[in-house]
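What follows is a short report on a single structure.
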Amino acid sequence: MLVFSSERLTKKSLAMKPEIVNISFKFNLPTGLAVDSTENLYVVDSGNHRVLKFNKAGNQIIEWGNFGTKNGEFNFYEDMGTVCGIAIDSQDNIFVVDKGNYRIQKFDSDGNFLTSWGSKGLADGQFIRPIYAASDAQGHVFVTDDRNPIVQKFDNHGKFLLKWGSLGDKDGQFKHATGIAADSEGSIYISDYENERVQKFDNDGLFLASWTTGVSGKSGTPEAIAIDHSDRIYITDSDLNQVVVFDKTGTSIKKIRLARKGSPYGIAIDTEGNLYISDRQNDRVMKYKVLI
């Protein structure tokens, strides 16, 4: 279900029970989220192997996809993880991580298929378990692969450009790279799940910084990442049932505890400061107003 909350998350309201003001849709394992330039929300409905598009009032506009291997079809259920990302570029092209088919599919904002790239393997441009994607202001597409500890960078049409990373816990290494996002300067932020940290890189993969995301002595397990118009970084943590907010230096701004126990995975934020969180456990997408 799509849940809209009229509550506002301020510095004094870090845990709250959302007031449900509209329920308009049932999901099956929602994961990846993204918002386009006109505030439409896209949801990867993993259990149904489709992408759903809603306007900002929560009304469904279109949907596309079903289980399969053809263009415009998806296999989101490659294993029980069922976490598949989605990204949008500045032209509102949609990039969907088709995990079980080991590829990225590109669509226009109406869901019309444009192109795809990728196959199973360890070579450049191939994937073992692609999971999240991001697009920067220049239209580059970055993809994490949580069974091959690298990040790959492509041009807007899928041409392989470069990669970085290796297995480990040192700077620039990963044990389980998941969420990824780009800020306004082109810096790339990556959730390093099993190392329980977020790493920051420049646009070509040069390591810049890292920090943990936990609270109250718990290190936390960062998942998806979203960045707002002020380059504040929002990170979901499914184990601690929270969203953590940082500035781009890694300084903690806020920890938002979600009132109802769930599995917050995907995250997106629009230009009006509305925060969307997919709760896979409860098959819902929540919308909050955030004040910082």
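For region 132-223, applying the loop criterion from DSSP together with a ceiling of 15 other beta carbons within 10 Å to the GluC sites (Glu not before Pro) yields GLU185, GLU194.
Please compute the modelled spin-label separation between LYS26 and LYS289, points set 7 Å along Cα→Cβ, answer in nm with one decimal. Placing both labels 7 Å along Cα→Cβ, they lie 3.1 nm apart. Computed over region 91-134, relative contact order equals 35 percent, with contacts defined as Cα pairs under 8 Å that lie 6+ residues apart. Phi angles of region 194-209 translate, via the Karplus equation with coefficients 6.51, -1.76, 1.60 and θ = phi - 60°, into HN-Hα couplings of 6, 7, 6, 7, 10, 10, 10, 10, 7, 5, 10, x, 6, 4, 10, 6 Hz per residue; Gly and Pro are given as x. Only Cα pairs under 8 Å and 6+ residues apart enter the sum, and on that basis the relative contact order of region 150-290 stands at 13 percent.
Using the alpha-carbon positions of region 174-292, Rg (one decimal) and Dmax (whole number) come out as 13.2, 39 Å.
Using a Gaussian network model on the chain with a 10 Å cutoff between Cα atoms, which of ILE256, ILE62, ILE180 fluctuates the most? Greatest mean-square fluctuation among the candidates belongs to ILE62. Entry note, region 149-205: relative contact order of 25 percent, from Cα contacts under 8 Å with a spacing of 6+ residues. For ARG284, the solvent-accessible surface computed with a 1.4 Å probe is close to 10 Å², ligands and nucleic acids excluded. Take every DSSP beta bridge whose two residues both sit in the chain; close to 90 percent of them are antiparallel.
Computed extension length for ILE128-SER252: 41.3 nm, one decimal, from 0.36 nm per residue of separation with the Cα-Cα distance subtracted. Listed by chain and number, the lysines placed with their C-alpha closer than 24 angstrom to that of LYS287 are LYS11, LYS12, LYS17, LYS26, LYS53, LYS56, LYS248, LYS254, LYS255, LYS261; residues fewer than eight positions away on the same chain are left out.
Here is the list for region 30-92: trypsin sites (Lys or Arg not before Pro) lying in DSSP coil, each with at most 10 other C-beta atoms within 10 angstrom of its C-beta, are LYS70.
Of the chymotrypsin sites (Phe, Trp or Tyr not before Pro) found in region 221-267, no site is in coil according to DSSP while having at most 13 other Cβ atoms within 10 Å of its Cβ.
The structure shown yields Rg/Rh (Cα atoms, Kirkwood Rh), and of the options (i) 0.93; (ii) 1.17; (iii) 0.99 that calculated value carries the label (i).
The values are calculated or read from the model by the stated rules, or taken from the named source; none is laboratory data. Quick caveat, the model's predicted, so the values are computed rather than measured. FYI the Cβ positions are ideal-geometry reconstructions off the backbone, even for glycines, and counts take in every protein chain you see. Surface accessibility is based on the protein's heavy atoms, side chains included, excluding ligands, DNA and RNA. Shrake-Rupley method; radii C 1.70, N 1.55, O 1.52, S 1.80 Å.
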